[in-house]
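Following: one structure in structure tokens, then a few remarks.
The values are calculated or read from the model by the stated rules, or taken from the named source; none is laboratory data. This one's a predicted model, so the numbers in the text were calculated from it and none came from an experiment. Backbone-built Cβ (ideal geometry, glycine too); neighbour counts: all protein chains shown. Ligands, DNA and RNA are stripped out before the accessible areas are found, and what is left, the full protein with its side chains, is counted by its heavy atoms. Shrake-Rupley method; radii C 1.70, N 1.55, O 1.52, S 1.80 Å.
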Amino acid sequence: MNPYVLAILLSSLGLGTTLTFASSHWLLAWMGLEINTLAITPLMAQHHHPRAVEATTKYFLTQATAAAMILFASTTNAWTTGEWSINDLSNPIASTMFVAALALKIGLAPVHFWMPEVLQGLDLLTGLILSTWQKLAPFALIVQTAQTIDPLLLTLLGAASTLVGGWGGLNQTQLRKILAYSSIAHMGWMIIVIQYAPQLTLIALGTYIIMTSAAFLTLKMSLTTKIGTLATTWSKSPVLASTTALVLLSLGGLPPLTGFMPKWMILQELAKQDLPLLATAMALTALISLYFYLRLCYAMTLTVSPNTTNSTTPWRTQTTQVSLPLALFIVSTLGLLPITPAILMLTT
């Protein structure tokens, strides 16, 4: 892609998200989300592959539907209350419609079906943008309006997403689909606690972005998109393979890695709110997710490649990819748990 076009598209992505962050008026927030969608569409279709074009079309249609629902919800709210302010979402019908639209935007269950299919059709870098940056603007709106939304609806969305995210990833062999289901499960963890402690949602979102970036960049560095080719990475780069395994375990939420921190805090908050059954259910769904991460780790580090896969073993050539961002994200993914008390102090 032409570097000038790429610069315009990336700056438009930044502009759309910033506009939604800064807006207190519904139309401005909607405009920011639209700019975001329109900026990422050419990035998704840049390879002119049928799968990429199909993924772009699916993504555009779902995002356009969600944007229309947001516009309809905000118009309904303005019609009944006379207010266009984001903080004044007092109409229950508009509020429910708005949550459904944002759930569709970020891929929460039960409106998550587009997410694995779209991510499967993209290259890893565009998939990374879709899984991380594109979540920021909708989450800003959810955090701002969380107190006006029905708590039961948020709880159901969060619990369903963690269950579907764990369950859906069990039978996958494509790594991008596994990361898509992982994203759905993490979104569920963030949504479940947003009504009680929005700052924990922001911490969980930050750690999710760091861990997912590390996962996508390690897969890009080792040029793998399937479990079969993942099994050949050990012979090519043992250090990268072992750090990839640790990154995946961090995504699963195992201590003493960074991924344990948000899950620990969220379970603690749910217990404080007298919701022990919900906390137990969330912990059990995290175990389902952990199973498919362990499956990837097993395929990558505990099997000898010629006997377990019919994939072609890759050439051991020197990579020309930039590795500094990958190194920074890996260090953050593996080592931020000890600063949990400092993060708690900053958020309370």
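Miscellaneous remarks
- Residue pairs meeting the criteria (Cβ under 6 Å; at least 6 apart or on separate chains; first under 18 Å from Thr212 (Cβ atoms) and touching a residue at least 60 places away in the same chain (Cβ under 8 Å), in the range 163-182; second outside any helix (DSSP H, G or I) and open to solvent by 10 Å² or more (accessible area, probe 1.4 Å)): Leu175/Thr225; Ile178/Gln172
- Listed by first and then second residue, the pairs linking a residue in the range 331-343 that is under 15 Å from Ala215 (Cβ atoms) to a residue that is open to solvent by 50 Å² or more (accessible area, probe 1.4 Å), with Cβ atoms under 7 Å apart and 6 or more places separating them unless they lie on different chains, are Leu334/Leu246.
- Any hit, the range 183-196, residues being among the small types (Gly, Ala, Ser), open to solvent by less than 30 Å² (accessible area, probe 1.4 Å) and over 18 Å from Leu102 (Cα atoms): no
- Scan of the range 35-60 for residues that are within 20 Å of the chain's Cα centre (by Cα), open to solvent by 50 Å² or more (accessible area, probe 1.4 Å) and either touching a residue at least 24 places away in the same chain (Cβ under 8 Å) or not assigned by the TED database to the domain that holds Ile8 (or both), ordered by number: Leu38, Lys58
- Filtered residues of the range 97-120 (kept if out of contact with any strand residue (DSSP E or B) (no Cβ under 9 Å at 6 or more places or on another chain) and open to solvent by 10 Å² or more (accessible area, probe 1.4 Å)): Met97, Val99, Ala100, Leu104, Lys105, Pro110, Val111, His112, Phe113, Trp114, Glu117
- Positions within the range 240-264 being part of a helix (DSSP H, G or I) and either outside the structural domain of Leu200 (by the TED database) or open to solvent by less than 20 Å² (accessible area, probe 1.4 Å) (or both), in sequence order: Ala241, Thr244, Ala245, Val247, Leu248, Ser250, Leu251, Gly252, Met261, Pro262
- Hey, Ser237 more than 30 Å from Thr155 (Cα to Cα) and polar (S, T, N, Q) or not: yes
- Residue within the range 131-144 that is farther than 17 Å from Ser23 by Cβ, crowded, with 20+ Cβ neighbours inside 10 Å and of a type in the set (A, V, I, L, M, F, W, C) present: no
- For the range 229-239, a tally of residues being open to solvent by 30 Å² or more (accessible area, probe 1.4 Å) and in a helix (DSSP H, G or I) returns 6.
- Sole residue being assigned to a helix (DSSP H, G or I), modelled with pLDDT of 90 or more and open to solvent by less than 10 Å² (accessible area, probe 1.4 Å), chosen from Ala94, Ala78: Ala94
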